[in-house]
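Student: Shown below is the structure under consideration.
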Amino acid sequence: MEMYVIWLIIAVVFTVLEICTTGFAVLCFGIGAVFAAVASSFSGLTGQMVAFVIGSALSFVLVRPFVLRFLTKRQAEVKTNADALVGKRAIVSETIDVVEHSGRVAIDGDDWKAVSEDGSRIEKGQTVEVVSRDSIVLTVRK
């Protein structure tokens, strides 16, 4: 079997392993294996190993930080679950009153315990905005 085929198989194995991990580190070795596959056409085993090390190091230094920054940025923009409620509009389903410790709002088909941001009373049926969330209690304002 030709050496470039072996290196390409190694690259594919590293790529498949990267799919199972989250750190974007194993794929850098796959890129190094592609460098070694190219080097196998004009150099011996020592040159291939040097190409593998250089290709892996370059991908760790140049490619990995860029990809991690891109992935981290995309994940930070997406709000999920209850965090996605902040900023949305809700309808007061039970009068919000600090004195009586009562108050609920309906939002996206769910009913949540709610408190007023400034401690004021908010009557049933009014539209409010969700300001924050603390566990299962939403803080809202008119």
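The values are calculated or read from the model by the stated rules, or taken from the named source; none is laboratory data. Everything numeric here is computed off the predicted structure, so don't read it as measured data. Glycine also receives a Cβ, built like all others from the backbone with ideal geometry; neighbour counts cover every protein chain displayed. Heavy atoms of the whole protein, side chains included, go into the accessibility calculation; ligands, DNA and RNA do not. Shrake-Rupley method; radii C 1.70, N 1.55, O 1.52, S 1.80 Å.
Listed here are the residues, each with its yes/no results for (1) touching a strand residue (DSSP E or B) at 6+ places or on another chain (Cβ under 9 Å); (2) of a type in the set (A, V, I, L, M); (3) surrounded by 13 or more Cβ atoms within 10 Å (Cβ to Cβ); (4) modelled with pLDDT under 95.
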| residue | (1), (2), (3), (4) |
| --- | --- |
| E18 | no, no, yes, yes |
| F24 | no, no, yes, yes |
| S40 | no, no, yes, yes |
| V61 | no, yes, no, yes |
| D83 | yes, no, no, yes |
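Student: Looking at E100, E94 in this structure, which one is on the phi < 0 side of the Ramachandran plot, exposed (fewer than 11 other Cβ atoms within 10 Å of the Cβ) and either assigned to a helix (DSSP H, G or I) or not polar (S, T, N, Q) (or both)?
Tutor: E100
Student: Sticking with this structure for a sec: Step by step: first the residues of the range 118-141, then only those that are part of a loop (DSSP other than H, G, I, E, B) and over 14 Å from D97 (Cβ atoms), then the one that is most open to solvent (accessible area, probe 1.4 Å). Which residue is that?
Tutor: Filtering first and then ranking leaves I136.
Student: In the list F60, F24, F52, F42, which residue meets the criterion of being out of contact with any helix residue (DSSP H, G or I) (no Cβ under 8 Å at 6 or more places or on another chain) and of a type in the set (F, W, Y)? Explain how you work it out, then say what you get.
Tutor: Details: F60 fails: out of contact with any helix residue (DSSP H, G or I) (no Cβ under 8 Å at 6 or more places or on another chain); F24 fails: out of contact with any helix residue (DSSP H, G or I) (no Cβ under 8 Å at 6 or more places or on another chain); F52 fails: out of contact with any helix residue (DSSP H, G or I) (no Cβ under 8 Å at 6 or more places or on another chain).
F42 is the lone residue from the list that is out of contact with any helix residue (DSSP H, G or I) (no Cβ under 8 Å at 6 or more places or on another chain) and of a type in the set (F, W, Y).
Student: Scan the range 3-27 and report the pairs whose first residue is closer than 18 Å to F60 by Cα and whose second residue is of a type in the set (K, R) and not in a loop (DSSP other than H, G, I, E, B), with Cβ atoms within less than 6 Å and a gap of 6+ or a chain change.
Tutor: F24/R64
Student: While we're on this one: List pairs: first in the range 90-109 and more than 17 Å from V131 (Cβ to Cβ), second open to solvent by 30 Å² or more (accessible area, probe 1.4 Å) and among the small types (G, A, S), Cβ under 7 Å, 6+ apart or cross-chain?
Tutor: So the pair list comes out as S93/A106.
Student: Another question, then. Is it the case, given these coordinates, that T46 is among the hydroxyl-bearing types (S, T, Y) and closer than 30 Å to G119 by Cβ?
Tutor: Numbers: among the hydroxyl-bearing types (S, T, Y): yes; closer than 30 Å to G119 by Cβ: no.
Considered against the rule, which asks whether it is among the hydroxyl-bearing types (S, T, Y) and closer than 30 Å to G119 by Cβ, T46 comes out as no.
Student: When D108 is evaluated against the numbered criteria (1) closer than 17 Å to N81 by Cβ; (2) modelled with pLDDT of 90 or more, which criterion, by number, is the only one it fails?
Tutor: Answer for D108: the failing condition is (2).
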